[in-house]
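Quick note: the coordinates plus some simple rules give every number you see, no bench work behind them. Quantities reported herein were computed from a predicted structural model and do not represent experimental measurements.
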Amino acid sequence: MSNYKAELARRGLEGQLNALLGEIAQIRKELGFPIMVTPLSQYIGAQAILNQTGGERYKIVTDEVIKYVLGHFGELAAPVDKWVLDKILKMPRAKELEHWEPPEKSIEALRREFGDDLSDEDFLLRVLSSNQSALDQVLGAGPKKYDYPRGDKPILSLIEELSKRKDGASVQIRKDDFFLELR
């Protein structure tokens, strides 16, 4: 939402957020209801801004939306509306992208890029991460230690956790003829 607001403000269209959100919903319907997760949500948002500000819907279409319509990102959830599909496929750029193949590096090239000395696990993390500096921070912090309470004896776990507190709180547990007070 903040990106949409900023983009509309940059174009002097601050009051158009509701119209933009309506356009996003319309594009999702027309494109066969793609899931709204990154990166598809960004592609649809960018297309909505172009549709809102371009004077004509689908006058300009992003390469990503063209690739989506052509099926380059996998099988579509539902068919694209015929008029949208026809309009996009008639564009010269759609013909250029019709046989597009994503660039692929070999495992060997990726190993050289990230370092031959990485374990398989660290190598996969590096290859799949889009934020290497954040990954450096996470890996640099070392393994996280988790201390989960016992699930087989919940009352015992509760008592153990409460007994560790130093805040001076008092707790009473009463059930039938059982009574326990912690101070």
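For this structure, a couple of remarks:
- Degrees between helix 17-30 axis and first principal axis of the chain (Cα, 0 to 90, nearest 10): 80
- Principal axis dimensions, largest first and in whole angstrom, of the stretch 25-75 by Cα: 31, 18, 17
- Inter-centroid distance (Cα atoms) of the stretch 96-128 relative to the stretch 1-42, Å: 32
- Reach of Lys145 by Cα under 19 Å, taken over lysines that are not fewer than 8 positions away in the same chain: Lys164
- Compared with the dominant Cα axis of the chain, that is its longest principal axis, helix 154-163 is turned about 70°.
- Residue-wise HN-Hα coupling along the stretch 139-145, computed from phi with Karplus coefficients 6.51, -1.76, 1.60 (Hz; x: Gly, Pro): 5, x, 6, x, x, 7, 9
- Using the Cα coordinates of the stretch 6-138, the gyration tensor eigenvalues translate into equivalent-ellipsoid semi-axes of 34, 20, 13 Å, sorted from longest to shortest.
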